[in-house]
Amino acid sequence: MSEPYYADDLITLYLGDFREVDAWHAADVLVTDPPYGETSLVWDRWPDGWPQLVADSSPSLLQMWCFGSTRMFLDRRDEFAGWKLAQDGGWSKPRGRGVMNDRFNRSHELVTHWYRGPWGDLPLTSPRVPKTVPWTVKATRNGSVDDGSKVRPMAGGSYQDDGTRLMLTVIPGDPGDARTTSHPTQKPLEVIEPIIRYSCPPSGLVADVFAGSGSTLLAAKRLGRRAVGVEQDERYCEAAAHRLAQGMLDFGAVS
């Protein structure tokens, strides 16, 4: 295996094809943004069979988060047969990026959560956030309490407001524009960080086999998690290394 392109106490980044790198095989969760294969751009080429390949290559990899479009997931659904779909969410973009004038201006992107094995064995942390707006607490017909968060107390238990609510599945985030980013498929850190916090324990290992210019790796670093990334385009490896070297001072967000 080749030497890392970049490495520090938490993060290791390799230049190359993920199929030829084995350092990510010990990962607990994969958070990645693959090429969707929907355009004629040179870099937008879907690696056939990669969802099953990552599952076969990493016995410890029980969770996978994958960004994509509805068309991508429908076209490639058979390639996810080795995974069970847990949930889906989305990134709400501040600006539409549609290219067709006869359709809605697309301002969102999907992210799907996949898993293997028993759901109860996954090391998940409840995705709660501070309450930021007033909530009306009311009794329901069966006597339970509805605080507006869609979370119910256990049978026979009492409700206690801890000042938090479940995070919504649609997460807003602004990656900046082409003048301030270095990758065409931008993903904000504020979208990636909750995913990592939810599905990777502090001692776990995050992987990204389509690392781009390092948003998953930087998000993991900011959360104190270890991460391994692989990117085959040296331009983006260089951008990722630069961002990771800046560490906590970098508040940008590029895929």
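Bridges between two residues of segment 1-110, per DSSP, are antiparallel at a rate of about 60%.
Return the inverse of the average 1/r over all pairs of distinct C-alpha atoms in segment 1-90, which is the Kirkwood hydrodynamic radius, in Å to one decimal. Walk me through the numbers on the way to the answer.
Numbers: mean 1/r = 0.0685 Å⁻¹.
Kirkwood radius, segment 1-90: 14.6 Å.
Can you give the FRET efficiency for D102 and H25, using 1/(1 + (r/R0)^6), R0 = 41 Å, r = Cβ-Cβ distance, to the nearest 0.05?
Details: r = 45 Å, r/R0 = 1.11.
Working from the Cβ atoms, E equals 0.35.
Heavy-atom accessible area with a 1.4 Å probe sorts R45, R106, largest first, into R45, R106. You can think of it this way: the chain between R71 and R235 has 56.2 nm of extra reach, that is 0.36 nm per residue less the Cα-Cα gap.
Ordered from longest to shortest, the equivalent ellipsoid semi-axes for segment 31-80 are 20, 11, 10 Å, each the square root of 5 times a Cα gyration tensor eigenvalue. Suppose R0 equals 30 Å; then what is the FRET efficiency for T132 and K84 from their Cβ-Cβ distance, rounded to the nearest 0.05? E(calc), rounded to 0.05, equals 0.35. Once the Cβ-Cβ distance of Q52 and T169 is raised to the sixth power relative to R0 = 30 Å, the FRET efficiency obtained is 0.70.
The values are calculated or read from the model by the stated rules, or taken from the named source; none is laboratory data. Small disclaimer: the values here were computed from a predicted structure and weren't measured. Every residue, glycine among them, receives a Cβ derived from its backbone with ideal geometry; neighbour counts consider all protein chains shown. For the accessible areas, the whole protein counts, side chains as well, though only heavy atoms, and no ligand, DNA or RNA atoms are used. Shrake-Rupley method; radii C 1.70, N 1.55, O 1.52, S 1.80 Å.
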